[in-house]
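Peer 1: Input: one structure, supplied below.
The values are calculated or read from the model by the stated rules, or taken from the named source; none is laboratory data. No experiment lies behind these values; they were computed from the predicted model shown. In this analysis, Cβ positions are derived from the backbone assuming ideal geometry, glycine residues included, and neighbour counts consider all displayed protein chains. Calculation scope for accessible area: heavy atoms of the full protein, side chains included, ligands and nucleic acids excluded. Shrake-Rupley method; radii C 1.70, N 1.55, O 1.52, S 1.80 Å.
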Amino acid sequence: MEAVVCSPTRTADGRSDGRKRGGNTKSNPNPHAKVVFMKDLQAKLLVDTPTRQVFTLGDLLIDYNTNGREAKIIIKNTTTSEVIDVVYITSIKIGDSYLLSVKDTSGGTYSTRTPINLIAPGLRTKQLISQPGINKESSNIMTLTTQQHYWWDGVYFVKGYMIKYPHPDYEHYGIEPWDTVKIYGNRLIHLHFSQGMSDILLGLGPTAVGAYIGFYAGSAPLAVVTAIAGFVAGVVLGSSFVDEYSCLWVWVAWKNEWHWQWTPPTPPMYVYGPVLKYLRIGPSTFKNDYHIPDP
């Protein structure tokens with residue numbers, strides 16, 4: 001099921017500015033990759049307490065409750081009042097880390113070790129950024145004095161000097177930091193969130209990042225899956241999570257196929273629908289069923 005979340009304000013094709021470019025080709029170039037400039041979804045915070053956060057992103061409502069050991073996320077369509085997804089999360093302290101386990105509607109359980117309790121009451125994404133030791137990676141600003149331009153997933157990329165992590169070339173596609181843009185590559189959707197929307201997401205919890213990605217990508221059921229990744233992404237948040245313009249880049253892909261879906265209290269059902277195949281947030285890849293090399 002696809003959800004139309006907003007209308008494009010303008011469209012553009014990838015284009016060359018005629019200048020000589022360096023770098024290498026990592027995938028088949030697509031000089032006419034579809035670029036869609038989008039309007040930001042309206043975000044509204046309805047409830048904000050240490051144990052509960054309720055907010056809307058366009059037609060999506062996310063109701064998050066936590067006691068620090070267990071958490072539950074209910075995702076609804078505000079127009080139809082339909083419950084789209086329910087996510088159950090547990091966090092168990094083991095030694096000096098936490099085992100975070102998430103069960104989604106497919107019935108699968110996802111687990112990861114995190115240095116802090118990501119469902120602790122009152123935790124917000126901006127707090128994660130400010131905590132030392134959470135981001136184990138370097139700032140990812142390359143020490144090269146030049147930039148490299150190359151094709152990745154059929155999209156024109158840049159990396160190197162003054163670039164925090166590889167992403168589509170702003171100048172090549174006419175993207176400004178205040179734009180929210182969707183680029184269709186060979187296999188992936190390349191999402192660029194504006195400075196304003198990126199700042200709003202960082203002010204909410206990590207689940208907001210995941211839910212917004214899933215809904216904006218055009219598939220509401222994926223909101224729950226990417227909400228899971230939003231929690232996991234919390235362990236790598238930092239200066240490298242957003243780019244050199246304080247904008248968030250995300251790469252996502254899904255495929256419609258048969259899979260088991262579990263929505264308590266009903267028994268598991270074998271259904272046909274979208275399944276997440278690829279997810280990369282900033283400099284980190286969280287799911288890669290296509291085995292695509294990093295950019």
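Peer 1: Limited to segment 84-107, what total is found for residues that are more than 22 Å from Asp63 (Cβ to Cβ) and either modelled with pLDDT under 80 or open to solvent by 60 Å² or more (accessible area, probe 1.4 Å) (or both)?
Peer 2: First, pick out the residues of segment 84-107 that are more than 22 Å from Asp63 (Cβ to Cβ): 92-99.
Filter again for either modelled with pLDDT under 80 or open to solvent by 60 Å² or more (accessible area, probe 1.4 Å) (or both), leaving 92-96.
The number of residues fulfilling the criteria is 5.
Peer 1: Counting just the residues of segment 230-254 that are open to solvent by 10 Å² or more (accessible area, probe 1.4 Å) and touching a strand residue (DSSP E or B) at 6+ places or on another chain (Cβ under 8 Å), which one comes out modelled with the highest pLDDT?
Peer 2: Looking at residues that are open to solvent by 10 Å² or more (accessible area, probe 1.4 Å) and touching a strand residue (DSSP E or B) at 6+ places or on another chain (Cβ under 8 Å), I get Val242.
Peer 1: Could you grab me the full set of residues in segment 184-209 that are modelled with pLDDT under 85 and open to solvent by less than 30 Å² (accessible area, probe 1.4 Å)?
Peer 2: Scanning segment 184-209 gives Leu201, Leu202, Leu204, Gly205, Pro206, Thr207, Ala208, Val209.
Peer 1: If you don't mind, there's one more thing I want to ask. Lys126 passes all but one of (1) on the phi > 0 side of the Ramachandran plot; (2) open to solvent by 70 Å² or more (accessible area, probe 1.4 Å); (3) at pLDDT below 80; which number fails?
Peer 2: (1)
Peer 1: Is it the case that segment 112-123 has a residue that's part of a strand (DSSP E or B) and modelled with pLDDT under 75?
Peer 2: Start the filter on segment 112-123 by keeping residues that are part of a strand (DSSP E or B), which leaves 112-114.
Within this subset, residues satisfying the condition of being modelled with pLDDT under 75 are 112.
Taking every residue of segment 112-123 in turn, at least one turns out to be part of a strand (DSSP E or B) and modelled with pLDDT under 75.
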